[in-house]
Amino acid sequence: MTKPSGTGPPEPPATSSSGASFLVTTFFDRPLPLYLSAAIFRLVFLLYGLWQDANSPVKYTDIDYLVFTDAARFVSQGQSPYERETYRYTPVLAWLLLPTAHVTGNRILDVAFFSFGKVLFAISDLVAGWLLEKVLAKSMDAPRARKFATIWLLNPMVATISTRGSSEGLLGVLVMALLWAVFERRVTLAGLLLGFSVHFKIYPFIYAPAIVWWMDNERMSSNKTKPTSLSSKSPSLTAKILNFITPPRLQLALISLTTFLTLNIAMYLIYGTPFLQETYLHHVTRLDHRHNFSPYNTQLYLSSSLPLSSSSSFRIEKLAFLPQLLLSTVFIPLVTAKKSLPTTMLAQTFAFVTFNKVCTSQYFLWYMVLLPLYLPQSSFVQNKRFGLAALVLWVVAQGAWLQQGFELEFLGNSTYLPGLWLASLAFFGVNCWILGVIIGDVR
């Protein structure tokens, strides 16, 4: 019997993969599902942390959070936050966490007040993700922007660090707000954010050269036509300098510097020399070797046993700032800033963290917040196998270091040489390779 003409095989039933694809598409169509999921995600981590703190000898809460809250308690008593040893931050952070010092006598309320800072940092994650989406949406549709923002919003590492009580989420908000303000050409706001960011945590100063270099007349002018030259002669050096000093660049420099100096003068008048020493000068001479992924780790450990006044030995850590600052504030901005400001800021931060003499896991959040801005056009996404290999290398190298660090810090076994040092070099090498790929993608 012949098959009737015009009829074909029956359509296959919808597969589970197509159903999953529909769910993913629906999830990113509107912002509510993503941000609600990110909030619940952090709430779960926060509640689990409370349970672990109450029931385990290994605490979930980061030691830094105890330092923050102790400093806030000193401030609530009319004292200086620097009465708390190892508080190396701006007083603004202690002021923000004043609610953590409130005691009611009710156990549940006291735990809630004490957790205020963790909630603040978790909310900061969400705000940073929202700003990230706004910047991404300038070059793609909103659902796709949310997909890349998910790398930050639903990242378990980001959620864990914030809910443990690390303040890096606040920096994420400031940096993303700064980038958004620059793209929106709101120079006054950008200057205020840059000045406050550098006061709050030193490292955002590295973005100033890239932003200034990016802010040429063509980008900052409302008229998008390129200026035509009436002369075939190349401009003189004096003319180039005068052309570089544009009103937006001057405005950004003056406002950011004024904001930074005003905040610092005010804090110095309130808290005196301890503010300068602990917030800024300490970072020049710090010898933190614990939880430090840097290849300087072992050298810092050896130097920590020497008196600070000792001049009999050469201390290489004093020169650690040279490659770090040359890369992050000079070479990378000059080469890449005019091609892609977000990727330049990512490369600057990646270089700053990788070459820093003290490198802890919290610092990874400094560049993770910028990562979704680079990935859409990156080699790591265009070639998924290549991207997966890079991720595996980064995780494995970090895991090798953590295994050596666990042996040292929890089991008391001396692994400085060769284990910890070799693991530090391996992680450093992987990071340098990734940095090279990022810069190569921009060029």
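Filter the stretch 100-134 down to the residues that are of a type in the set (D, E, K, R) and within 18 Å of residue 34 (Cα to Cα) and list them by number.
Scanning the stretch 100-134 gives 125, 133, 134.
Can you tell me which residue is modelled with the highest pLDDT among those in the stretch 253-304 that are open to solvent by 90 Å² or more (accessible area, probe 1.4 Å) and part of a loop (DSSP other than H, G, I, E, B)?
Among residues in the stretch 253-304 that are open to solvent by 90 Å² or more (accessible area, probe 1.4 Å) and part of a loop (DSSP other than H, G, I, E, B), the one modelled with the highest pLDDT is 291.
For the stretch 364-396, which residues satisfy the criterion of being in a helix (DSSP H, G or I), without any contact (Cβ under 8 Å) to a residue 12 or more places away in the chain and open to solvent by 20 Å² or more (accessible area, probe 1.4 Å)?
Selection gives 381, 382, 384, 385, 386, 388, 389, 391, 392, 395, 396.
From the list 99, 156, pick out the single residue that is modelled with pLDDT of 95 or more, under 21 Å from the mean Cα position of the chain (by Cα) and open to solvent by 30 Å² or more (accessible area, probe 1.4 Å).
Unique residue meeting the criteria: 156.
Return yes or no: is residue 117 of a type outside the set (A, V, I, L, M, F, W, C) and either under 21 Å from the mean Cα position of the chain (by Cα) or surrounded by 11 or more Cβ atoms within 10 Å (Cβ to Cβ) (or both)?
Answer is yes for this residue.
Can you pull out the residues in the stretch 397-430 that are open to solvent by 80 Å² or more (accessible area, probe 1.4 Å) and either under 11 Å from residue 293 (Cβ atoms) or touching a residue at least 24 places away in the same chain (Cβ under 8 Å) (or both)?
Within the stretch 397-430, 402, 417, 421 meet the criteria.
Does residue 355 meet the test of being touching a residue at least 24 places away in the same chain (Cβ under 8 Å) and surrounded by fewer than 23 Cβ atoms within 10 Å (Cβ to Cβ)?
no
The values are calculated or read from the model by the stated rules, or taken from the named source; none is laboratory data. Please read all numbers here as calculations on a predicted model, not as lab measurements. Quick reminder, even Gly has a Cβ in these numbers, built from the backbone with ideal geometry, and neighbours come from all protein chains shown. Ligands, DNA and RNA are stripped out before the accessible areas are found, and what is left, the full protein with its side chains, is counted by its heavy atoms. Shrake-Rupley method; radii C 1.70, N 1.55, O 1.52, S 1.80 Å.
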